[in-house]
1. Can you run down the residue pairs with Cβ atoms below 8 Å, 6 or more apart or on separate chains, where the first is in region 297-308 and free of Cβ contacts under 8 Å to residues at least 60 places away in the same chain and the partner is aromatic (F, W, Y)?
2. Assess whether F116 counts as being open to solvent by less than 30 Å² (accessible area, probe 1.4 Å) and either in contact with an Asp or Glu (Cβ under 8 Å, 6 or more places away or on another chain) or closer than 19 Å to D285 by Cα (or both).
3. Mind telling me which of the residues S153, S144 ends up being in contact with a strand residue (DSSP E or B) (Cβ under 7 Å, 6 or more places away or on another chain), open to solvent by 10 Å² or more (accessible area, probe 1.4 Å) and under 30 Å from F213 (Cβ atoms)?
4. Tell me the helices (runs of 4 or more DSSP H) entirely within region 218-317 that contain at least 2 residues that are polar (S, T, N, Q).
5. Could you check region 245-260 and list, in sequence order, the residues that are within 16 Å of the ligand (Cβ to nearest atom) and either open to solvent by less than 10 Å² (accessible area, probe 1.4 Å) or of a type in the set (F, W, Y) (or both)?
6. In contact with a strand residue (DSSP E or B) (Cβ under 8 Å, 6 or more places away or on another chain), within 16 Å of the ligand (Cβ to nearest atom) and open to solvent by less than 20 Å² (accessible area, probe 1.4 Å) - does that describe any residue in region 69-82?
7. Report yes if E32 is modelled with pLDDT of 95 or more and more than 16 Å from the ligand (Cβ to nearest atom), otherwise no.
8. Do you know which of the residues in region 149-177 that are within 16 Å of the ligand (Cβ to nearest atom) and touching a Lys or Arg at 6+ places or on another chain (Cβ under 9 Å) is farthest from E42 (Cα to Cα)?
Amino acid sequence: MKHSRIAGTGSYLPERILTNAELERTIDTTDEWIFSRTGIRERHIVAENEHTSDMAFEAAKKAIESASVDLQTIDLIVVATTTPDRIFPSTACLLQQKLGIVNCPAFDLQAVCSGFVYALATADNFIKAGAAKCVLVVGADAMSRITDWTDRSNCILWGDGAGAVILQATDEQGILSTHLHANGNYADMLTVPQGVSKQEGSKTILMEGNAVFKMAVNTLDAIVDDTLIANGLEKADIDWLVPHQANIRILQSTAKKLGMSMDRVVTTVDKHGNTSAASIPLALDVAVRDGRIKRGEIILMEAFGGGFTWGSVLMKY
Ligand code: ACO
């Protein structure tokens, strides 16, 4: 079994919806400004007593059910998150406990908005190396917890949620290639400066929005080219683009680069906002469940985020 393939998908969004109209009441903004600059109309926000592992659990249950796998066959759990419940143990261990399984390795992976692409690439490599056969890969984030809700240029972007997939070893082709990159020289352009060993600076997201926007567009253009060349494919071979949902204008730019009409781009940013590591698996699950994405189609997933980190996964669904 040399390949890995997504056997099932699942997702979860918290019940509470925060609309642009509500934000108009708390900060100096308008629905028109937010929608025209970002494509966002509303986002979901975790309840006070709800944590990242709770969202991950709900998404994971659905992915396990849709893949029709026995819980006990899961032999690795990888959770991509920037907003873990605790400093330790990892959200992956808390998720494992909630699922009621033991012994399989479980760890978190932090690559901010690129987290799911990093986690999927990691799981794919575990499977290709023969170290795992059935991996639960989750992207889950409660970005609302690290958002300054008085910063109008920033708080309008973020939302909370979780998405999950079951990645299985198979003989058929599934994931065709993965491409991961980072450049730590840009650490200060998009950051939550305060952490654990460094206890100074802001505890909420700081971002040079304009600069991040330009870097994201250029970098994603380049990684789309790299991915196509690595696979000997043409733009027209891609059936669906399932991008990280940061800003509709970034999505439109990547679609234009691929010569794709927006109806081949899975877009959830209007209803979810930017859910960081959760955004790609959430979008994938939406399009699989509503019947748009079908078995055998070629899917390109790509993301750009804090670090900077960026990456892509090309797969046959
Ligand atoms: N409502 C009304 N006016 C606002 C708001 C708001 N919510 N926020 C900012 N403004 C004002 C600014 O004060 C400024 O006013 P001024 O010209 O009088 O100074 C004006 O609008 C323009 O501000 P800009 O910051 O230049 O607006 P821009 O068009 O760049 O949009 C945005 C800002 C939406 C943050 C954009 O830069 C962006 O989306 N950047 C990408 C960032 C991103 O997605 N980061 C996520 C992580 S990385 C990733 O996932 C790609």
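The values are calculated or read from the model by the stated rules, or taken from the named source; none is laboratory data. Remember, predicted model here, so these are calculated numbers, not experimental data. Every residue, glycine as well, gets a Cβ built from its backbone with ideal geometry; the counts of neighbours run over all protein chains shown. Ligands, DNA and RNA are stripped out before the accessible areas are found, and what is left, the full protein with its side chains, is counted by its heavy atoms. Shrake-Rupley method; radii C 1.70, N 1.55, O 1.52, S 1.80 Å.
1. Close Cβ pairs (under 8 Å, with a partner that is aromatic (F, W, Y)) amount to E297/W240; E297/Y317.
2. On the way: open to solvent by less than 30 Å² (accessible area, probe 1.4 Å): yes; either in contact with an Asp or Glu (Cβ under 8 Å, 6 or more places away or on another chain) or closer than 19 Å to D285 by Cα (or both): yes.
Yes: the conditions hold for F116.
3. Numbers: S153 fails: in contact with a strand residue (DSSP E or B) (Cβ under 7 Å, 6 or more places away or on another chain).
After ruling out the rest, the residue left standing is S144.
4. On the way: elements: 248-257, 269-272, 279-289.
Passing ranges, in order: 248-257.
5. Here is the first cut: in region 245-260, the residues within 16 Å of the ligand (Cβ to nearest atom) are 245-255, 257.
Residues satisfying the conditions are Q245, L251, T254, A255.
6. Kept after step one, since they are in contact with a strand residue (DSSP E or B) (Cβ under 8 Å, 6 or more places away or on another chain), are these residues of region 69-82: 69, 73-82.
Subset that is within 16 Å of the ligand (Cβ to nearest atom): 80-82.
With the extra rule that they be open to solvent by less than 20 Å² (accessible area, probe 1.4 Å), the set shrinks to 80-81.
Yes, the conditions are met somewhere in region 69-82.
7. Working: modelled with pLDDT of 95 or more: yes; more than 16 Å from the ligand (Cβ to nearest atom): no.
The answer is no for E32.
8. Quick first cut of region 149-177, residues within 16 Å of the ligand (Cβ to nearest atom) only: 149-161, 163.
Those still in the list that are touching a Lys or Arg at 6+ places or on another chain (Cβ under 9 Å) too: 156-161.
Working: I156: 9, L157: 9, W158: 10, G159: 8, D160: 11, G161: 13 Å.
Only one residue tops the list, namely G161.
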